[in-house]
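S.K.: This is the structure I have questions about; it appears just below.
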């Protein structure tokens with residue numbers, strides 16, 4: 001009977017040692033999981049900040065562009081078009097005078113000017 005008690009006591013000690021070993025392994029794994037979660041969270045926050053900054057910059061650029069268009073975009077467009085149209089008219093006048101009289105060419109250019117003034121006034 002004492003032999004059985006000693007044997008059971010020995011098995012109990014072995015089981016307690018195995019339990020302690022498993023508990024240590026579990027704690028080690030929990031620590032590794034916590035470390036991985038902390039690294040993941042840190043990287044996620046870093047990426048969120050990085051892309052939030054880029055999105056904010058793009059939003060600011062877009063807002064700035066839209067406000068410029070709303071405030072003076074039409075005037076800028078008209079100024080740019082007037083410059084292009086002026087150059088076009090000079091070349092077109094030279095072309096027209098090759099086919100029509102100077103007076104007819106002037107009349108056609110004047111018709112273009114009138115159309116442009118109506119368009120710019122709208």
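The values are calculated or read from the model by the stated rules, or taken from the named source; none is laboratory data. Source: prediction; values computed, not measured. Every residue, glycine among them, receives a Cβ derived from its backbone with ideal geometry; neighbour counts consider all protein chains shown.
S.K.: Find the residue count for segment 64-98, including only residues that are over 14 Å from residue 116 (Cβ atoms) and either at pLDDT 80 or above or surrounded by 10 or more Cβ atoms within 10 Å (Cβ to Cβ) (or both).
M.R.: 19
S.K.: Can you confirm whether residue 61 is in contact with a helix residue (DSSP H, G or I) (Cβ under 7 Å, 6 or more places away or on another chain) and either free of Cβ contacts under 8 Å to residues at least 24 places away in the same chain or surrounded by 12 or more Cβ atoms within 10 Å (Cβ to Cβ) (or both)? Spell out how you get there, then give the answer.
M.R.: On the way: in contact with a helix residue (DSSP H, G or I) (Cβ under 7 Å, 6 or more places away or on another chain): no; either free of Cβ contacts under 8 Å to residues at least 24 places away in the same chain or surrounded by 12 or more Cβ atoms within 10 Å (Cβ to Cβ) (or both): yes.
In short, no.
S.K.: Additional query: Could you identify the single residue in 25, 48, 34, 21 that is assigned to a helix (DSSP H, G or I), surrounded by 10 or more Cβ atoms within 10 Å (Cβ to Cβ), over 48 Å from the mean Cα position of the chain (by Cα) and free of Cβ contacts under 8 Å to residues at least 24 places away in the same chain?
M.R.: From the options 25, 48, 34, 21, the qualifying one is 21.
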